[in-house]
Structures are given as C-alpha cells and as structure tokens.
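Data block below; observations after.
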Amino acid sequence: MEILEKPINGKNIKMYIGSGLENKINSFMEDYGKNISFVSYALKQLYKSKINAISSYKSFLKDGESSKSQKYVNIVIKKLINMEIERDNSVSYIGGGTIGDLIGYSASVYKRGVHLIGIPTTLLAQVDSSIGGKNAINFENLKNAMGTFYNPDVIFADVDFLLGSDPALLRDGIAEAMKMALVKDREFFNYFTSKNLNSIYNRKSLEYVISKSAKIKLDVVSEDFFDSRKIRYLLNFGHSIGHAIESYTENRVSHGTAVANGMILESYLAYKAGFSEPFYETIRDAVSAYGIPLLDFNTIETDKLVSFIKNDKKVENGKLNMVMLKGPGQAEIGEIGFQQMRMYVNLYKERSTKGNH
C-alpha cells in the first residue's frame, strides 16, 4: 500500500493506493461517526463481498452522465436529511467518475459542506476525477455546467475494483493517465508506448499507473486549485474538444474515448497554429495501440462541435485557452480563435478523407 499526502487549499489530502483497503476505509469512517455511502448500482453484484465489507449505510444509485443532474442532487440531499447527517459526519461514494461528481457536488452544498470520502472504482476515477476537488453536474446537454471546488478528506484507490472490470473502462482510464504523461512526464509516456492493455492488467502495473498519475495531478492542483493561474489548465489537455464530443453525441461516446480523440485533434490544431511539431500522429498511434476507438470526425459537423467548445470554461475574450503540446512532457497554454479552429478542424477532416493521419 502506498500513501500520498498533499496540502491543497489549506487541507491535507490523503490518498491510499493498494488492494484490500476495506479495513482502512472502515477506520476512517468511524472517525466521523455516522456515514452514508452512495454506491454505483452496477457494482452491487459484481463486487458484492467487497462492498459488504465496508461498514456504512449504503444507498445505491444509477451511474452515468444522466445521474449528474439536479434531479439526482435532490435525491441525495433528501437522503442526507432523512439520515440526519450532520456537518461532522461523512458522506462517501463508491463508484466511477459520474457518481464521484454527483456526490462530491452534493456534499459540498449540503449544510455548506460535509466530510467527503472518495472510493473511486474505475481506473479513470482513480487516476484523475477523484483527485483535485472539481465536482460538477450537467445542465441540459452542457457537460459540467454547474460545479464546485471541494476536496475529499481522503481517497481510497483500491485496485481490486479494477481487476474484474470491463476492458472498455480500463481504456477510459488509460486515456486520462496518458494525458498526465503527455503534459508532464516524458518517461511516463514512454512507459505506455512500451506496454499494452494486457501487460498492465495486473496489480503491480495498475498501482504504478495510479501512483504516477495521482502525483502529477496532486502537484499541479496544489499550485492552482481554483484554476485561476492557468497552471491547472494543463490537466484539461484533450478536454475542450473531448467535452464537446460528449455533448455533441449526447454521451454516446465515453469520456475516455472523447478525451483521447480530443488530444489527437487538439495536437493537430496546435501544430497548424504553429505551436508545435506534428506530434498528433504519435498520440494517435499510442491511443490506437490500447484499443481506444478512433472517431471519424467527418461524421461530426464542425460548426456544431465548435458551438459546444464555445461553452468551455477556458474561453476568454472570444478565444479558447487551449493546451498546446510540443512533445511528451512539454505543454503550454496558447490562444486559438474559433474561425481559425473551424479551418483547422476541416483540414483535419480532409486529411482523414484522403487517408492521411
């Protein structure tokens, strides 16, 4: 078991990475007295004995983007009121990123904040979404339109939840871990290019991927918790276009797949805008090697995609602050206008039509 600690926004955040963490989880819950765990319904049978070993009251919820809504916030808040959860008690979630977002947001607004324990159960949530205190729900078809910054007291990344998971969920997590490597750590990216999905599908390798990713994210977030200095923008590599893809497809494309394809296209835009060499092909090859689906952007209307990007939180003065990747471990923030973006997206589509990538 590895323990990471980092002071973020005046709060010392702990993260435990390992397997068989039930006793450690129970010990933390006892410190807060009463606890209620909101659990992804998809885990109820798959990890029944492991979930039963966590000694808290459990409420099961449907996961997926549709649960990130005001309707589900109301359901959660009503449950907390009925359970008479007080500010010194704790709320926890056991599930992936959507459950984490929903419960993190609800915990932050309930009585202006109650103790939060994160138990992410997907690789994507363990390497990324559980860390950093961003919580959000969707508004109509706009992803993460309402949100808060609110850190959990502790995060438990138990790899036991990963070893029986759907390979598609692992691929989503790999996309986010690869993002960390691309913006901050060349050696970590080289690790991915020397492996494949089968060779990292074991406790030791998964713990390594989680640990490396978590350290990168904790370091970046500790410097810019509220996204006010644009340092944290680096963690959004692939997300400006990725979130637009999710909105465009009404979440038929998974988050990891959307981000992976977003990284490819954003790197192409950076190249055409003169910020970098043509590194997008290297990313495309790495993404493809892990079986992450490559999207056909010719099936996506450029104007509609760009209209979703215009709602990105990094838009300022009519331009998008986008992560410009020079190479693995070398990233900076640069501005790109929407007319320029449309032109380059259309050029990328032309290349795809001609069989060039």
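Overview of values
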item	result
Of all accessible heavy-atom area on region 221-321, the percent that carbon and sulfur account for (1.4 Å)	44
DSSP-defined antiparallel bridges as percent of all bridges, the chain, nearest 5	50
Centroid-to-centroid separation of region 58-100 and region 319-354 [C-alpha atoms, Å]	38
In Å, descending, principal axis extents of the Cα set of region 284-357	37, 31, 18
Percentage of interatomic Cα-Cα distances in region 231-275 larger than 16 Å	37
Relative contact order of the chain, defined on C-alpha pairs under 8 angstrom at six or more residues apart (%)	14
Residue-normalised accessible area of region 238-357, expressed per residue, 1.4 Å probe, Å²	42
Longest exposed-site-free window of the chain, the sites being chymotrypsin sites (Phe, Trp or Tyr not before Pro) in a DSSP loop that have at most 16 other C-beta atoms within 10 Å	42-200
Coil-residue GluC sites (Glu not before Pro) of region 48-112, DSSP, other Cβ within 10 Å capped at 16	84, 86
Point-to-point label distance, residue 160-residue 148, nm (Cα→Cβ direction, 7 Å offset)	3.1
For region 287-354: relative contact order, % (alpha-carbon pairs under 8 angstrom, 6 or more apart)	29
Average accessible area per residue (Å²) across region 93-231 - probe 1.4 Å, nucleic acids and ligands excluded	34
Length-normalised contact order of region 154-275 in % [C-alpha pairs under 8 Å, at least 6 apart]	27
Sparsely packed GluC sites (Glu not before Pro) within region 96-196, loop by DSSP, other Cβ within 10 Å at most 15	140
Two-site label geometry, residue 202 and residue 23: point separation in nm, points 7 Å out along Cα→Cβ	2.6
Span-rule helices in the chain, defined as complete DSSP H runs reaching 20 Å or more along the axis (Cα) with Kyte mean at least -0.5	167-184, 203-223, 255-272
Heavy-atom accessible surface of region 27-181: percent carbon and sulfur, 1.4 Å	51
Under the Debye formula (equal points on every Cα, no solvent term), log10 I(q)/I(0) of the chain at q = 0.07, 0.09, 0.10 Å⁻¹	-0.28, -0.47, -0.58
Sites residue 332 and residue 353, calculated FRET efficiency, Cβ-Cβ separation with R0 35 Å, nearest 0.05	0.70
Set of region 36-58 residues, backbone N closer than 18 Å to the point 7 Å along the Cα-Cβ line of residue 88	36
DSSP loop trypsin sites (Lys or Arg not before Pro) with at most 16 other Cβ within 10 Å: longest gap in the chain	88-194
Translational diffusion coefficient (Stokes-Einstein; Kirkwood radius from C-alpha pairs) of region 96-166 at 20 °C, 1.002 mPa s, in µm²/s	172
Solvent-accessible heavy-atom area per residue, rounded to whole Å², over region 1-54 at 1.4 Å	52
Qualifying GluC sites (Glu not before Pro) for region 261-357 [loop in DSSP, other Cβ within 10 Å: at most 14]	301
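The values are calculated or read from the model by the stated rules, or taken from the named source; none is laboratory data. It should be emphasised that the depicted structure is a prediction, and the values quoted were computed from it without experimental measurement. All Cβ positions, even for glycine, are placed from backbone atoms using ideal geometry, and neighbour counts span all protein chains on display. These accessible areas exclude ligands, DNA and RNA; they are computed on the full protein's heavy atoms, side chains included. Shrake-Rupley method; radii C 1.70, N 1.55, O 1.52, S 1.80 Å.
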